[in-house]
Every structure is written in C-alpha cells, then in structure tokens.
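Chemist: Right, I'll just put the structure down here and ask away after.
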Amino acid sequence: MGDILDEVTALIRCKECPWYKNCLIPVQVSTEDIVQFRIAMQGTNLPEQAKSELDQVMESMASMSQEMILQSCPVFTQRLKDDPKLAQRIKKIMQNWGKEGEPDEQYP
C-alpha cells in the first residue's frame, strides 16, 4: 500500500511542478546577466585590462554553460538521487540515441 501512495505522491508532485514536462533545460545566460556583470565590474578598482579580460571570460563562460550545464526540476533531481538505476537507464538511452534497429521497448 505504501508503494502505491509513494507513486501517486510522486505523480502529483510532478504534475504540480512548475517545470512540468520540462525536466531539463540548458542554463540560460541572458544579455541582461552579462550587462549586470559589467555594471558590477564598473564599481571595482581593477585595471581596465583586467576588466576587459574578465568580461571576455564571462562571455566565454556564458556561451559554454549553455552547451554543458543543465538545470533540472527538483522532482527529477530527487528521483535521480533516489534511484541510481534510473540514471544508468538514462545514460544507456543517450549512448544508444539514434541507433537504427534499437526498439524503444528496451527502455522501460
């Protein structure tokens, strides 16, 4: 009986989650974020060359983060923590992504 209640609770939490059906998204660094960083840098006593270098680093990090870092919903994160086999199944799906002749049924 406890298992059924746990499953229903997890389903309700998922459907009530503001991330519903968007469990993972790339980190979004907006132009406004970069502008805010530049404004913060104006108040420092760093030499102009150092500010310029930090600005370039910030732009590079913003670009890289969108390719390498994901944000996840709290429900998805908790499910991954609670079930290590789930992470392994997702990894296997990703490794076999797009391979022809791979039936979807192998990933229950």
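The values are calculated or read from the model by the stated rules, or taken from the named source; none is laboratory data. None of the values given here were measured: they were computed from a predicted structure. We place every Cβ from the backbone using ideal geometry, glycine too, and count neighbours over all the protein chains shown. Side chains are part of the model used for accessible areas, which takes the heavy atoms of the whole protein and leaves out ligands, DNA and RNA. Shrake-Rupley method; radii C 1.70, N 1.55, O 1.52, S 1.80 Å.
Every residue, every condition in (1) open to solvent by less than 100 Å² (accessible area, probe 1.4 Å); (2) more than 30 Å from V75 (Cβ to Cβ), yes or no:
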position	(1), (2)
P18	no, no
C23	yes, no
P26	yes, no
D33	yes, no
G43	yes, yes
L46	yes, yes
A50	yes, yes
E59	yes, yes
S63	yes, no
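Chemist: What number goes with the only condition from (1) without any contact (Cβ under 8 Å) to a residue 60 or more places away in the chain; (2) under 19 Å from the mean Cα position of the chain (by Cα) that E32 does not pass?
Modeler: All conditions pass for E32, except number (2).
Chemist: Before we move on, is R79 open to solvent by 100 Å² or more (accessible area, probe 1.4 Å), more than 13 Å from the chain's Cα centre (by Cα) and in contact (Cβ under 8 Å) with a residue 24 or more places away in the chain?
Modeler: Values: open to solvent by 100 Å² or more (accessible area, probe 1.4 Å): no; more than 13 Å from the chain's Cα centre (by Cα): yes; in contact (Cβ under 8 Å) with a residue 24 or more places away in the chain: yes.
Spelling it out, it is not the case that R79 is open to solvent by 100 Å² or more (accessible area, probe 1.4 Å), more than 13 Å from the chain's Cα centre (by Cα) and in contact (Cβ under 8 Å) with a residue 24 or more places away in the chain.
Chemist: Another question, then. Cβ-Cβ under 7 Å, sequence separation 6+ or interchain: first residue in segment 1-28 and in contact (Cβ under 8 Å) with a residue 12 or more places away in the chain and aliphatic (A, V, I, L, M), partner assigned to a loop (DSSP other than H, G, I, E, B) and surrounded by 11 or more Cβ atoms within 10 Å (Cβ to Cβ). Which pairs?
Modeler: Every condition considered, the pairs that remain are V27/I69.
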